Amino acid sequence: MYVCGMTVYDYCHLGHARVMVVFDLLKRWLRASGYPVTYVRNITDIDDKIIRRAVENGESIRSLTDRFIAAMHEDADALGIERPDHEPRATDYVAEMQEMIQTLMNKRLAYRDNSGDVNFAVRSFPEYGRLSGKSLDELRAGERVGVSDNKNDPLDFVLWKSAKSEEPEDAKWDSDFGVGRPGWHIECSAMSCKLLGNTFDIHGGGADLQFPHHENEIAQSVGATGESFAQYWMHNGFVRVETNNGQSEKMSKSLNNFFTIRDILKVYDAEVVRFFILRAQYRSQLTYSEAHVQDAKSALDRLYTAVGEVQADEKLDWNHDFEARFAEAMNDDMNTPIAVSVLFEMANEVNRTGDSGLAARLKALAQVLGLLGRTAQAFHHAGVGEQVGGIDEAAIQTLIDARTQAKTDRDFAKADAIRQQLLDLGVVLEDKRGGATEWRRA
């Protein structure tokens, strides 16, 4: 499985989080189903935006990209995203890109124009547009005027960009077709073929990459190797943001409705964010709002309350009713809304019967999704001090002890006042049978 990864010149945003979570889930489910999986997710560490940002900062490209790769890993780790088996950086595969470009030129599928750029000749690949359902005639009708006077055809796309005098030296490589750097599209073709072979099973990425990036990958990969490329294509849907009037709009920097992962994690528990993403089927649009994330938090809280402190069942019986219906949903194009509904059916049954064995199976199924990895107490107490009124666990326990004493003294007004004080600080108390009191974040 090959997934198009991040361009590392800034912090990752919620759209990046969705890509990482979705394909982390796919990898987990394939492995839980018994498939051996080799998962590759690339890093684009050279492109126009990276060069521009490095020049603005007065730093080297490597310094910039190393810093944001480290930040990406921090964000991904927080969201419970397991590292891919391979995470190739584009700059480590320039030789493979040059070799593929030369092959395309030898086959007369690519040419060097008057500016020194090397372009792929789109009309030399008759199947271009098949993935996205766009015909060459439609593309020609919608082409932008003045894209480049040097290309043989406006539809052609760049494989190798000739160096510009104002660009830094660490953005330039020598090649048989001149000093320059690779175009964006050729990166993924070269890296996927090198690490997975000319033909592999699954190629994934965001819906915005279907055209032109993935169309271009197919054209240059099949053109160079003469073999089929990816057998299955999977694209996750866009992330939208709820507006003040209750409508939604696509998340983008230009609309100033842009949320980085780390900014969101300052407010919400990371597992809640992961659950918020997974509750939607991966191809559907995902609308971000405070209300939707809070609802995810409340729902995850119910699951944790059901499993309590039990350990996950190490061996799931996929022939059992709950497990079988969970698997059926996941095998139906990763229908996570149905899979999650099975978890809540199990939780309701656990709450009704107190069946600890069923709770252990519930926890094991949820962990296939990368959820319920903590005890209920650890989840309910997570983030206190940073997110709940600045009060720490010791102070919470002191107030609980004072409330317990007040109840013993039959000073119920004081007990109620302490409960309200904690609630105002974002701490909810739950009195259990036998006199114990547990607490959780609101």
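A few comments on the model shown:
- Remark: D201 matches the filter, which requires a residue to be more than 19 Å from I51 (Cα to Cα), at pLDDT 95 or above, acidic (D, E) and not in a helix (DSSP H, G or I).
- Scanning the stretch 380-406 for residues that are at pLDDT 85 or above, of a type in the set (D, E, K, R) and surrounded by fewer than 17 Cβ atoms within 10 Å (Cβ to Cβ) yields a single hit, D401.
- The set of residues from the stretch 213-244 being surrounded by fewer than 22 Cβ atoms within 10 Å (Cβ to Cβ), touching a strand residue (DSSP E or B) at 6+ places or on another chain (Cβ under 7 Å) and in contact (Cβ under 8 Å) with a residue 40 or more places away in the chain comprises A230, W233, M234, H235, G237, F238, R240, V241, E242.
- A single entry from K250, K161 fulfils the requirement of being out of contact with any His (no Cβ under 9 Å at 6 or more places or on another chain), under 30 Å from L25 (Cα atoms) and of a type in the set (K, R): K250.
- For the stretch 95-111, residues that are surrounded by fewer than 22 Cβ atoms within 10 Å (Cβ to Cβ) and outside any helix (DSSP H, G or I) total 4.
- Taking first residues from the stretch 30-43 that are assigned by TED's automatic domain parsing to the domain that holds D333 and part of a loop (DSSP other than H, G, I, E, B) and partners that are acidic (D, E) and surrounded by fewer than 17 Cβ atoms within 10 Å (Cβ to Cβ), no Cβ contact under 6 Å between residues at least 6 apart in sequence or on separate chains turns up.
- Test for A76: is it over 18 Å from the mean Cα position of the chain (by Cα) and in a helix (DSSP H, G or I): no
- Verdict on A406 being touching a residue at least 12 places away in the same chain (Cβ under 8 Å), outside any loop (DSSP other than H, G, I, E, B), farther than 22 Å from R374 by Cα and small (G, A, S): yes
- Qualifying residue in the stretch 184-194 (condition: among the aromatic types (F, W, Y) and assigned to a strand (DSSP E or B)): no
- All of D149, D174 fail the test of being modelled with pLDDT under 95 and over 25 Å from C4 (Cα atoms), apart from D149.
- Of all residues in the stretch 192-202, none are under 30 Å from E56 (Cβ atoms) and in the same structural domain as K49 (by TED's automatic domain parsing).
- Test: residue in the stretch 52-67 that is free of Cβ contacts under 8 Å to residues at least 24 places away in the same chain, over 20 Å from the mean Cα position of the chain (by Cα) and under 29 Å from F276 (Cβ atoms): no
- Taken over the stretch 284-329, residues that are in contact (Cβ under 8 Å) with a residue 60 or more places away in the chain and either touching a His at 6+ places or on another chain (Cβ under 8 Å) or assigned to a helix (DSSP H, G or I) (or both) amount to 7.
- Only one entry in E59, E87 is touching a Gly at 6+ places or on another chain (Cβ under 9 Å) and surrounded by fewer than 20 Cβ atoms within 10 Å (Cβ to Cβ), namely E87.
- Out of L265, L278, sole residue that is of a type in the set (A, V, I, L, M, F, W, C) and at pLDDT below 95: L265
- If the condition is being charged (D, E, K, R) and surrounded by fewer than 21 Cβ atoms within 10 Å (Cβ to Cβ), then the stretch 270-299 contributes R279, R283, E290, D295, K297.
- With respect to (1) touching a strand residue (DSSP E or B) at 6+ places or on another chain (Cβ under 9 Å); (2) aromatic (F, W, Y); (3) modelled with pLDDT under 95, the lone exception for W318 is condition (1).
- Candidates D170, D137, D92, filtered to the one that is touching a residue at least 24 places away in the same chain (Cβ under 8 Å) and either surrounded by fewer than 17 Cβ atoms within 10 Å (Cβ to Cβ) or assigned to a loop (DSSP other than H, G, I, E, B) (or both): D170
- A76 being touching a residue at least 40 places away in the same chain (Cβ under 8 Å), surrounded by fewer than 22 Cβ atoms within 10 Å (Cβ to Cβ) and not aromatic (F, W, Y): no
The values are calculated or read from the model by the stated rules, or taken from the named source; none is laboratory data. In this text the structure is predicted, and so the values were computed from the model without any measurement. Using ideal geometry, Cβ is built from the backbone for each residue, glycine included, and neighbour counts are taken over all protein chains shown.
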